[in-house]
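S.K.: I have a structure here, written as structure tokens, and I will follow up with some questions on it.
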There are 2 protein chains.
Amino acid sequence: MQVSQLLEGQPAQPAATTASGSLHAAGELSLWLGQLRQRVAAVLAGYVRDRCAEYVRDVPGAGFVTDLLTEFVPGGKYVRSTFTYLGWLSGADESGAAVRAAASTELLHAFALLQDDVMDQSGTRRGRPAAHLRLAEWYRSQGLDGPAARFGESAAVLLADLCLVWAGQLLRDSGLPAAALARGWPRYDTLRGELAVGQFADLVNDARSQPSLDAVLDVTRRKSGNYTVRRPLELGAALAGCDEPTLAVLGAYGTLVGEAFQLRDDVLGVFGRPDVTGKPSGGDLRERKATSVVVLATELATPAQLAGLTRLSRREVVDEADILYWRQLITDTGAPARIEQMIGERVSTARGLLAGSGLPGFVRGALDDLAVLYTDRVR
Amino acid sequence: MQVSQLLEGQPAQPAATTASGSLHAAGELSLWLGQLRQRVAAVLAGYVRDRCAEYVRDVPGAGFVTDLLTEFVPGGKYVRSTFTYLGWLSGADESGAAVRAAASTELLHAFALLQDDVMDQSGTRRGRPAAHLRLAEWYRSQGLDGPAARFGESAAVLLADLCLVWAGQLLRDSGLPAAALARGWPRYDTLRGELAVGQFADLVNDARSQPSLDAVLDVTRRKSGNYTVRRPLELGAALAGCDEPTLAVLGAYGTLVGEAFQLRDDVLGVFGRPDVTGKPSGGDLRERKATSVVVLATELATPAQLAGLTRLSRREVVDEADILYWRQLITDTGAPARIEQMIGERVSTARGLLAGSGLPGFVRGALDDLAVLYTDRVR
């Protein structure tokens with residue numbers, strides 16, 4: 001889902017009630033986000049093209065790999081680079097070097113998506129076949145002799161490795177002063193380490209017959225909450241040399257909004273429209289993911305509802321009618337309503353934190369709007 | 001294969017004829033290597049334990065993962081850290097910080113092995129089940145509900161990611177001055193990028209019905225030659241601030257010895273004893289790897305020999321008798337003798353380069369001995 005998609009067709013955002021910042025209308029934030037997005041996209045496109053020319057040039061399949069990466073890496077939502085840059089603006093002025101540093105989080109995200117899609121055996125990403133499937137298709141088209149699916153998965157993991165390496169390289173070569181980078185590296189290391197460990201915990205959770213909601217929320221916090229909002233904000237703020245109180249308020253805001261973001265993603269994974277999510281309808285149900293809404297539904301279900309949910313989750317193949325029925329069962333348990341409430345509580349608390357903070361007005365306004373924008377219902 | 005294993009049971013090395021260094025007897029080099037190895041091992045053990053305590057602590061399976069990594073990471077041959085440290089000694093004095101920097105290449109190697117074993121579907125590593133199989137076994141032992149083999153592979157890739165991240169972190173936190181690190185990073189990035197791209201090229205090569213020897217040697221150069229000897233030497237030398245002529249001679253030596261090292265590895269992959277290689281006999285034949293000796297055998301084979309080789313390579317299952325016959329056929333083509341000649345030429349040229357270099361005597365002597373030691377027949 002693109003930021004532009006999120007914004008399109010949305011009702012105008014209400015004026016931020018708790019912030020005294022300058023972004024009281026969605027139009028203004030949208031314009032600013034669009035401009036930042038363009039700057040980050042330009043950095044990524046150039047950087048990936050240059051790195052491919054440097055490393056991938058004379059490998060078999062170089063053209064295909066280069067096209068794939070130059071399309072994939074800049075094709076995301078820019079959530080992490082946006083929060084990193086807002087972290088930066090919490091303690092320093094606009095800077096091209098900081099935009100480059102923020103862009104590095106998108107390369108890190110490309111790494112995570114390429115690998116996760118292999119591990120989750122996801123078929124689609126952003127409305128297209130996932131990268132490992134496209135690599136397998138290329139392999140077949142070359143008439144190569146071997147298992148194409150296996151090749152696609154290995155190749156996608158290797159391209160993920162390149163993105164991980166290049167992410168660190170882009171941050172280091174961003175043009176930020178050495179002292180700024182020295183403040184940023186520990187945050188960056190934490191971000192990367194938590195990401196891998198969070199995905200590990202997720203694999204174990206998916207496998208358990210029945211993880212508890214607490215276990216799922218713990219993974220949510222580790223993997224998505226921290227990784228999507230909190231750590232990027234802290235990284236940007238650390239690079240900018242923000243003081244501890246500023247880092248603390250950004251961290252607390254990031255934890256809350258990151259969780260709300262992931263909870264929204266979980267709701268969309270069950271109820272989202274394919275044209276919004278870029279995935280088939282009921283994608284998380286098809287992949288049998290143990291997300292917050294799925295797990296909460298089983299916790300709240302009556303014995304009859306639980307029997308229905310269990311039957312569906314054990315079915316080898318599910319069709320559209322199954323998905324519709326499955327959704328209805330989940331809705332009937334009351335789980336989606338409870339998740340909406342949890343999202344609302346987190347967003348509201350996060351906005352309250354901003355109101356009492358000493359963050360610059362622009363940042364406060366932007367974070368206030370983004371807390372709503374990134375966690376709002378889009379069906 | 002451990003350095004100590006390489007050394008055990010070897011005839012005493014001949015006095016280095018071309019070097020005026022101080023390591024004219026294998027015993028002295030062995031002592032020095034053993035001490036360096038102990039220092040690197042201590043760094044790795046402590047670093048991995050600390051990082052596991054920091055990141056992995058409260059994840060399901062934390063104990064198992066910590067045990068696995070603290071055993072696996074320091075369990076290698078220490079080839080790369082040794083060459084990195086010798087690169088350092090080419091331009092600077094003994095230094096604990098440089099030992100830590102050199103140790104980081106072993107974490108990088110752990111990353112490569114963990115991932116490669118998944119991609120190559122290798123069953124054993126260092127005489128034990130490969131990490132992804134041990135992770136799958138742990139998964140089964142927990143009674144978790146899901147495909148254990150798939151979990152093992154995903155988990156091994158994630159632990160590899162952690163090793164890749166921690167490798168960069170250890171180099172950065174090695175204690176070397178910022179100016180030294182600034183000289184080292186571009187070399188380090190090249191090393192990591194080439195490694196991933198080399199493995200990609202290897203996947204495509206393995207798949208082609210019949211890659212040429214030139215194509216195989218090209219991958220050898222990229223993936224192993226550069227990665228094992230040349231880039232580590234250059235990294236160490238760059239960290240130490242060596243001048244261009246020194247970097248050039250180390251680079252040329254590294255390319256030659258790295259190729260010889262990989263060619264030896266290819267010979268051992270077909271003819272090596274399991275207690276030396278830590279793999280089943282004829283491991284590369286069992287895995288149908290298109291290595292230099294395998295490919296050269298098909299290029300040199302008579303029509304009758306080629307028919308035999310093709311028949312074996314298409315057999316679903318091969319037993320010990322097949323391996324023995326397969327080896328004999330390969331020997332009869334003359335390929336192993338030609339590979340021995342190629343190894344000899346490279347080692348001899350590399351030693352000649354050292355003789356004419358201005359490298360410090362100790363480094364010259366060590367590199368001279370290592371060129372022989374790491375590429376010698378061990379069956």
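S.K.: Of all GluC sites (Glu not before Pro) in the range A:221-326, which ones are in loop regions per DSSP and have a Cβ with at most 12 other Cβ atoms within 10 Å?
M.R.: A:E316
S.K.: When ranked by the protection proxy of mean other Cβ atoms within 10 Å per residue, highest first, what sequence do the peptides A:38-44, A:249-255 form? Kindly include the intermediate steps, with their values, before the conclusion.
M.R.: On the way: A:38-44: 19.0, A:249-255: 23.0.
By packing density, highest mean first, the sequence is A:249-255, A:38-44.
S.K.: I would also like to ask the following. Going by a ≥ b ≥ c, the root eigenvalues of the Cα gyration tensor, does the range A:278-350 fall in the rounded group (a/c under 1.5), the prolate group (a/b larger than b/c) or the oblate group?
M.R.: On the way: a/c = 2.44, a/b = 1.51, b/c = 1.62.
Here the range A:278-350 falls in the oblate category.
S.K.: Here's another thing I want to ask about it. Need one number: buried accessible surface between chains A and B, 1.4 Å probe, both sides summed, DNA, RNA and ligands left out, in Å² to 100.
M.R.: What A and B bury together is about 4400 Å².
S.K.: Could you work out the relative contact order of chain B? I mean the mean sequence separation of Cα pairs under 8 Å and 6+ apart, divided by the number of residues, in percent. Numbers along the way, then the final one.
M.R.: Working: 527 pairs, mean separation 84.6, N = 379.
Across chain B, relative contact order equals 22 percent.
S.K.: Can you bin chain A into rounded, prolate or oblate? Criterion: square roots of the alpha carbon gyration tensor eigenvalues sorted a ≥ b ≥ c, rounded for a/c under 1.5, prolate for a/b above b/c, oblate for the rest.
M.R.: Numbers: a/c = 1.81, a/b = 1.08, b/c = 1.68.
Cα axes put chain A in the oblate bin.
S.K.: Do you know the relative contact order of the range B:140-263, to the nearest whole percent, from alpha carbon pairs under 8 angstrom that are 6+ apart?
M.R.: Averaging sequence separation for qualifying contacts and normalising by length gives 26 percent for the range B:140-263.
S.K.: Among A:K279/B:K223; A:K223/B:K223; B:K223/B:K279, which pairs are too far apart, with a Cα-Cα distance over 25 Å?
M.R.: Violating the 25 Å limit, Cα to Cα: A:K279/B:K223; A:K223/B:K223.
S.K.: Oh, and also: Could you tell me what % of all Cα pairs in the protein assembly as shown have separations over 52 Å?
M.R.: 16
S.K.: Which whole-angstrom value gives the distance between the alpha carbon centres of the range B:57-117 and the range A:240-297?
M.R.: 36
S.K.: Mind running the shape call on the range A:327-379? Use the C-alpha gyration tensor, a ≥ b ≥ c as the square roots of the eigenvalues: rounded below 1.5 for a/c, prolate if a/b tops b/c, oblate otherwise.
M.R.: oblate
S.K.: Moving to a separate point now. I'd like to compare A:303-315, A:268-280, B:260-272: which one has the highest average count of other Cβ atoms within 10 Å, and what's the full order after that?
M.R.: B:260-272, A:268-280, A:303-315
S.K.: Work out the length of the dipole vector of chain A about its Cα centre, built from +1 on the beta-carbon of each Lys and Arg and -1 on the beta-carbon of each Asp and Glu, and round it to the nearest 20 debye.
M.R.: Rounded to the nearest 20 debye, it is 80 debye.
S.K.: When you look at the Cβ of every residue in A:159-172, what mean number of other chain Cβ atoms sits within 10 Å?
M.R.: On the way: counts 3, 3, 14, 6, 1, 6, 9, 3, 0, 9, 7, 0, 0, 7.
For peptide A:159-172, the averaged partner shielding equals 5.
S.K.: Summarise the partner chain shielding of B:299-311 as one whole number: the mean count of Cβ atoms from other chains within 10 Å of each residue's Cβ.
M.R.: Rounded to a whole number, the mean comes out at 0.
S.K.: Taking every residue in B:54-63, how many Cβ atoms of other protein chains lie within 10 Å of its Cβ, on average?
M.R.: Details: counts 4, 10, 5, 1, 4, 8, 10, 4, 3, 0.
For peptide B:54-63, the averaged partner shielding equals 5.
S.K.: R0 = 56 Å: FRET efficiency of B:S212 with B:E54, Cβ-based, nearest 0.05?
M.R.: Details: r = 47 Å, r/R0 = 0.84.
With a Förster radius of 56 Å, E is 0.75.
S.K.: Using only the Cα atoms, what convex hull volume per residue in Å³ does the range B:58-198 have?
M.R.: 117
S.K.: Quickly estimate the mean residue ellipticity at 222 nm for the protein assembly as shown, helices only: each DSSP H run with n ≥ 4 gives -39500 (n - 2.57), and the total goes over all residues, rounded to 500.
M.R.: Helix contribution divided over all residues of the protein assembly as shown: -23000 deg cm²/dmol.
S.K.: Something else: For the peptides B:351-360, B:336-345, B:95-104, what is the packing order when you average, over each peptide's residues, the other Cβ atoms within 10 Å and list the highest mean first?
M.R.: Details: B:351-360: 17.4, B:336-345: 15.7, B:95-104: 22.8.
Packing order, densest peptide first, comes out as B:95-104, B:351-360, B:336-345.
S.K.: For the pair A:A252/B:F362, report the inter-label distance in nm, with labels modelled 7 Å from Cα in the Cβ direction.
M.R.: 5.5
S.K.: Quick one: if the Förster radius is 30 Å, what FRET efficiency do A:A42 and A:R377 give, using the C-beta to C-beta distance and rounding to 0.05?
M.R.: Result of the calculation: an efficiency of 0.40.
S.K.: For A:T310 paired with B:Q35, estimate the spin-label separation in nm (one decimal), with each label point 7 Å from Cα along the Cα-to-Cβ line.
M.R.: Between A:T310 and B:Q35, the label points sit 6.7 nm apart.
S.K.: What number do you get for the range B:228-374 when its Cα radius of gyration is normalised by 2.2 N^0.38 Å, N = residues? Spell out each step's value before the answer.
M.R.: Numbers: Rg = 18.5 Å, N = 147, 2.2 N^0.38 = 14.7 Å.
So the range B:228-374 has a normalised radius of gyration of 1.26.
S.K.: Additional query: Between the range B:319-379 and the range A:322-363, what is the C-alpha centre distance in whole Å?
M.R.: The two parts, judged by their Cα centres, are 64 Å apart.
The values are calculated or read from the model by the stated rules, or taken from the named source; none is laboratory data. From a predicted model like this one, the values you see are computed outputs, not experimental measurements. Methodologically, a virtual Cβ is constructed for each residue, glycine included, from the backbone with ideal geometry; neighbour enumeration extends over all protein chains shown. All accessible areas refer to the heavy atoms of the entire protein, side chains included, with ligands and DNA or RNA removed. Shrake-Rupley method; radii C 1.70, N 1.55, O 1.52, S 1.80 Å.
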